[in-house]
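The values are calculated or read from the model by the stated rules, or taken from the named source; none is laboratory data. Every value quoted in this text rests on a predicted model; they were computed, and no experiment measured them. Cβ atoms come from the backbone with ideal geometry, glycine included; neighbour counts cover every protein chain shown. Protein only, heavy atoms only, side chains kept; ligands, DNA and RNA dropped before computing areas. Shrake-Rupley method; radii C 1.70, N 1.55, O 1.52, S 1.80 Å.
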Amino acid sequence: MSSNKYIKFLDLSLKTVQSSRLNLYSCKYSKHVYTQHQLLVLVLLKEYISTDYRNFVEIVDFMSSIKEKLDLDKVPHYTTLQKFVSRIPSLLFNIMLSRTLKLFYSHGENASITAIEATGFTSSYASHYYSERTGKLRRSFLKTSISVDTDKKVVLGWKISQKTDHDVKHAKALIRQSNKSRKSECYVMDKGYDSEKIHALIREEIKADSIIPLRVRKRKKIKGKYRKQLNLSFDKITYNKWNIAETTFSVVKRKLGEVLRARKFFNQVKEIKIRLMVYNINKKVVKIICIKLRISTEPNFPYWS
């Protein structure tokens, strides 16, 4: 099982990259030693193994099956991968995310319930001891919000910012993005997203249901048409599925890490997007292996194998 998962991950990654709009070469004047497809698959595999560029290149050099799959005569230098990630546009990963979703959904299939949650990925590469001694405290994290299909447990969309924007601000952009990638019948969020504007966006523009617990204050009247409706009837069973988004972040951080290796902000954003795509692709890998070995894919089976 462990020997097959890397090959299956490689096959699915290659399929996803080839279906994206990424050209084989960055320009006609490039050296044409490696294709951009080969480099991007290697970057995804590096994040899957959860190691740095130097160690990853040394590991791949001993893996003949990977070099054969990617048709590599020689393994690229680690700086080649670093420069490739810096050069590739961040918007391409949005296209690739939609390609990973095609691994899980049939044409026209919608999500039943979508959960939205936010967390932070540590961006400081300085140790806590060094920061204490020098007094130079750096920005501690990049705020990351995701939307997750609570049935298939895959990431549908993301919103990443360097500033600690309010949850509601992130949610507006994320809801519209998720609706384009995969329509949903209902959106669930925690109290941090309690806003009449969010309800109006989901129910009037998106044409879906919204379940967000109210932040009730003493001596304060509940305002808003949809907030008043939720106060009278709140579907707690459906709302509890919001925890799946929190679990998704937990899996990503435990298996791929919460500390970002990149130094520049734009590369840090790409690193987070790559990790979330790796999570989606791995979900499909686990599903294929479970079917092959006739293992149950119920929630008690590990999300990561």
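Taking only segment 40-81 into account, find how many residues are under 23 Å from Leu276 (Cβ atoms), touching a helix residue (DSSP H, G or I) at 6+ places or on another chain (Cβ under 6 Å) and of a type in the set (D, E, K, R).
Result for segment 40-81: 2.
Quick check on segment 65-79. Is at least one of its residues within 13 Å of Val33 (Cβ to Cβ) and either in a helix (DSSP H, G or I) or under 20 Å from the mean Cα position of the chain (by Cα) (or both)?
no
Quick test of your reading of the structure: Thr134 fulfils all but one of (1) more than 22 Å from Phe93 (Cα to Cα); (2) modelled with pLDDT of 90 or more. Name the failing condition by number.
Among (1) more than 22 Å from Phe93 (Cα to Cα); (2) modelled with pLDDT of 90 or more, the lone unmet condition for Thr134 is (2).
So which pairs qualify, if the first residue must be in segment 66-85 and farther than 18 Å from Leu14 by Cα, the second must be in a helix (DSSP H, G or I) and among the aromatic types (Phe, Trp, Tyr), the Cβ gap must be under 7 Å, and the two must be at least 6 apart or on different chains?
Tyr78/Tyr53; Gln82/Tyr53
Between a residue in segment 173-185 that is touching a residue at least 60 places away in the same chain (Cβ under 8 Å) and more than 8 Å from Ile206 (Cβ to Cβ) and any residue that is basic (Lys, Arg) and in a helix (DSSP H, G or I), which pairs come within a Cβ distance under 9 Å, given they are 6 or more apart or on different chains?
Once the first residue is touching a residue at least 60 places away in the same chain (Cβ under 8 Å) and more than 8 Å from Ile206 (Cβ to Cβ) and sits in segment 173-185, no partner that is basic (Lys, Arg) and in a helix (DSSP H, G or I) comes close enough.
Out of the residues in segment 176-186 that are open to solvent by 100 Å² or more (accessible area, probe 1.4 Å) and assigned to a helix (DSSP H, G or I), which is farthest from Asp235 (Cα to Cα)? Even if it seems obvious, please write down each step before you answer.
Within segment 176-186, the first condition is being open to solvent by 100 Å² or more (accessible area, probe 1.4 Å), and the residues that meet it are 176, 180, 183, 185.
Right, trim to assigned to a helix (DSSP H, G or I) and you get 176, 180.
Numbers: Arg176: 23, Lys180: 26 Å.
Here the answer is Lys180.
So, in segment 172-209, exactly how many residues are over 24 Å from Asn94 (Cβ atoms) and touching a strand residue (DSSP E or B) at 6+ places or on another chain (Cβ under 8 Å)?
5
Would a scan of segment 187-196 turn up a residue that is open to solvent by 80 Å² or more (accessible area, probe 1.4 Å), out of contact with any Leu (no Cβ under 8 Å at 6 or more places or on another chain) and either within 29 Å of Leu97 (Cα to Cα) or at pLDDT 90 or above (or both)?
No, segment 187-196 has no match at all.
Name the pairs: first residue in segment 265-284 and closer than 14 Å to Pro89 by Cα, second residue in a helix (DSSP H, G or I) and among the small types (Gly, Ala, Ser), Cβ to Cβ under 7 Å, at least 6 apart or on different chains?
Going by the 7 Å Cβ cut-off, the qualifying pairs are Asn267/Ser86.
Among the helices (runs of 4 or more DSSP H) contained in segment 205-293, which hold 3 or more residues that are crowded, with 17+ Cβ neighbours inside 10 Å and at pLDDT 95 or above?
Correct list: 243-256, 265-293.
With in contact with an Asp or Glu (Cβ under 8 Å, 6 or more places away or on another chain) and at pLDDT 95 or above as the only criterion, which of Val154, Val148 stands out?
Result: Val148 is the single residue among Val154, Val148 that is in contact with an Asp or Glu (Cβ under 8 Å, 6 or more places away or on another chain) and at pLDDT 95 or above.
Within segment 159-175, how many residues turn out to be hydrophobic (A, V, I, L, M, F, W, C) and not in a helix (DSSP H, G or I)?
Taking segment 159-175 as the starting set, the residues that turn out to be hydrophobic (A, V, I, L, M, F, W, C) are 160, 168, 171, 173-175.
Pick out the ones that are also not in a helix (DSSP H, G or I) and you get 160.
Matching residues across segment 159-175 total 1.
Could you check segment 90-117 and list, in sequence order, the residues that are out of contact with any helix residue (DSSP H, G or I) (no Cβ under 9 Å at 6 or more places or on another chain) and assigned to a loop (DSSP other than H, G, I, E, B)?
Of everything in segment 90-117, those that are out of contact with any helix residue (DSSP H, G or I) (no Cβ under 9 Å at 6 or more places or on another chain) and assigned to a loop (DSSP other than H, G, I, E, B) turn out to be Tyr105, Ser106, His107, Gly108, Glu109, Asn110.
Which one of these is open to solvent by 20 Å² or more (accessible area, probe 1.4 Å), free of Cβ contacts under 8 Å to residues at least 40 places away in the same chain and either in a helix (DSSP H, G or I) or farther than 23 Å from Phe104 by Cβ (or both): Tyr29, Tyr34?
On inspection, the qualifying residue turns out to be Tyr29.
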